[in-house]
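**Student:** Handing you a structure now.
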Amino acid sequence: MTKKKKEASDASMSKEKPLILVTNDDGVDAKGIRALADVARMFGRVIIVAPGSAQSGKSHAITFSSPIRLRKIYAEKDFEIYKANNTPVDAIKLAQCVLLKEQKIDLLVAGINHGSNSSSSIFYSGTMAAVIEGCINNTPSIGFSLCDYSANANFEAAKDVAYKIIKSALENKLPENICLNVNIPNIALSDIKGYRITRQAKNHWQEELEERIDPIGKPYYWLSGYLLDLDKGEDTDEWAIQNNYVSIQPVQPDLTAHSFIKTMKKWKFN
């Protein structure tokens, strides 16, 4: 086989593999995204497009008042890494609308997040916002989070979990408008009891704003807080994590309260 024919054959084989887009909100150099990319490479051609710096808590923020940029920082056969500036959703838009515009993304995976994205944290998460952005654009999408905020967290058990869930998602095919939020307890693989299909716990964050004084005497505020564990149901993401199960939660971008539409139609507006 000539060199040109071999190159053409290799290119054709690469295109036949599933194309998997990997992103996060902890930044392109985070340990978690490299762990997830290692797993994704077992299934197909992998492209990482992620923010150049940590963007936790950015939710679904997008940039339209300043430029957004994309830069390739690494490439080998079937694996490329791109650094995007600004938010996780900006990174997905650059991947979908620029870098991979002429290609079909077979799966989008985000994470592995350093810290859980259970309960109401899903509303603030840049990782899950990237997943929902993929879902909005009809790309099967899954977010993975490990309940360990440490930059040097151990992702070995999480990699095994991610492998099984990605394999199942590729085999079973996620329907349109449904994505997955996966939260993994921070324990050894042997201690994980199994997998639970869960709902979002109805908890919320108790916000605390600590007032401090800057060097010129003016006040500023530092946001902190804790999650109020109000939902005691045993079918929630929080219950699963606390009881050593992997939580798999189906999520939909549609925020409509469909059950209330019929009631609201009875309201009078005159």
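**Student:** Per-residue ellipticity at 222 nm for the chain, helices alone: DSSP H runs ≥ 4 residues times -39500 (n - 2.57), over residue total, nearest 500 deg cm²/dmol?
**Tutor:** After summing the helix terms and dividing by the residues of the chain, the value is -8000 deg cm²/dmol.
**Student:** Could you go through the range 51-61 in sequence order and give the Karplus-derived ³J(HN,Hα) for each residue, using 6.51 cos²θ - 1.76 cosθ + 1.60 with θ = phi - 60°, rounded to whole Hz, and x for Gly and Pro?
**Tutor:** Couplings: x, x, 9, 4, 10, 4, x, 7, 6, 9, 4 Hz.
**Student:** Quick one: what are the phi-derived ³J(HN,Hα) couplings along the range 97-103, Karplus 6.51/-1.76/1.60 with θ = phi - 60°, whole Hz, x for glycine and proline?
**Tutor:** 9, 10, 4, 10, 4, 9, 10
**Student:** Related question: Long-range amide H contacts for Thr236: which residues qualify at under 5 Å (H placed 1.01 Å from N, peptide plane, sequence gap of 5 or more or a different chain)?
**Tutor:** Long-range HN contacts for Thr236: Arg199.
**Student:** Residue-wise, which Karplus ³J(HN,Hα) couplings in Hz belong to the range 233-242, taking 6.51 cos²θ - 1.76 cosθ + 1.60, θ = phi - 60°, and x for glycine or proline?
**Tutor:** Residue by residue, the range 233-242 yields x, 9, 10, 9, 4, 5, 4, 4, 4, 5 Hz.
**Student:** If I model a spin label at Asp38 and Glu102 as a point 7 Å from the Cα along the Cα→Cβ vector, what separation in nanometres do I get?
**Tutor:** 3.5 nm
**Student:** If you don't mind, there's one more thing I want to ask. Roughly speaking, what is the stretch gain from Tyr124 to Ile136, that is 0.36 nm per residue apart minus the C-alpha to C-alpha distance, in nm to one decimal?
**Tutor:** Additional length available on full extension: 2.6 nm.
**Student:** Fully extended, how many nm does the chain gain between Ser259 and Glu156 (0.36 nm per residue separation, minus their Cα-Cα distance)?
**Tutor:** Taking Ser259 through Glu156 to full extension adds about 32.9 nm, to one decimal.
**Student:** What share of the DSSP beta bridges in the range 13-264 is antiparallel, in percent to the nearest 5?
**Tutor:** Taking every DSSP beta bridge within the range 13-264, about 40 percent pair in antiparallel fashion.
**Student:** Now for a different question. Sort 255-263, 35-43 for me by packing, meaning the mean count of neighbouring Cβ atoms within 10 Å per residue, highest on top.
**Tutor:** The packing order, highest mean first, is 35-43, 255-263.
**Student:** Right, here's the next one. Run the simple label-point estimate for Glu210 and Lys167 please: 7 Å along Cα→C-beta, distance reported in nm.
**Tutor:** Each label point lies 7 Å from its Cα, and together they span 4.5 nm.
**Student:** What ranking do 169-181, 242-254, 136-148 get when scored by the average of other Cβ atoms within 10 Å per residue, highest first?
**Tutor:** Going by the mean number of other Cβ atoms within 10 Å, highest first, we get 136-148, 242-254, 169-181.
**Student:** Oh, and also: Rounded, prolate or oblate: which fits the range 212-270 when a ≥ b ≥ c are the square roots of the eigenvalues of the alpha-carbon gyration tensor, with rounded for a/c under 1.5 and prolate only if a/b beats b/c?
**Tutor:** Here the range 212-270 falls in the oblate category.
**Student:** Given (1) 22; (2) 35; (3) 11, which label gives percent of Cα pairs over 35 Å apart as computed from the coordinates?
**Tutor:** The value computed from this structure is option (1).
**Student:** Which whole-number percent gives the relative contact order of the chain, counting Cα pairs below 8 Å spaced six or more residues apart?
**Tutor:** 16 percent
**Student:** To continue, here is another question. Specify the angular offset, from 0 to 90 degrees and rounded to the nearest 10, of the alpha carbon long axis of helix 31-40 from the longest principal axis of the alpha carbons in the chain.
**Tutor:** 50 degrees
**Student:** Order these peptides, 45-51, 216-222, 98-104, 77-83, by their mean beta-carbon neighbour count within 10 angstrom, highest first.
**Tutor:** 45-51, 77-83, 98-104, 216-222
**Student:** Check which residues have an amide H placed less than 5 Å from Tyr82's amide H, if you skip close sequence neighbours.
**Tutor:** Hits under the 5 Å cutoff: Ile48, Val49, Ala50, Ile73.
**Student:** Relative to the longest principal Cα axis of the chain, at what angle does helix 156-172 sit, 0 to 90 degrees, rounded to 10?
**Tutor:** Taking the Cα atoms of the chain, the angle to 156-172 is about 80 degrees.
Every read-out reported here was derived from the displayed coordinates using simple, explicitly stated rules and does not represent laboratory data. In this text the structure is predicted, and so the values were computed from the model without any measurement. Don't worry about glycine lacking a Cβ; one is built from the backbone with ideal geometry, like all the others, and counts go over all protein chains shown.
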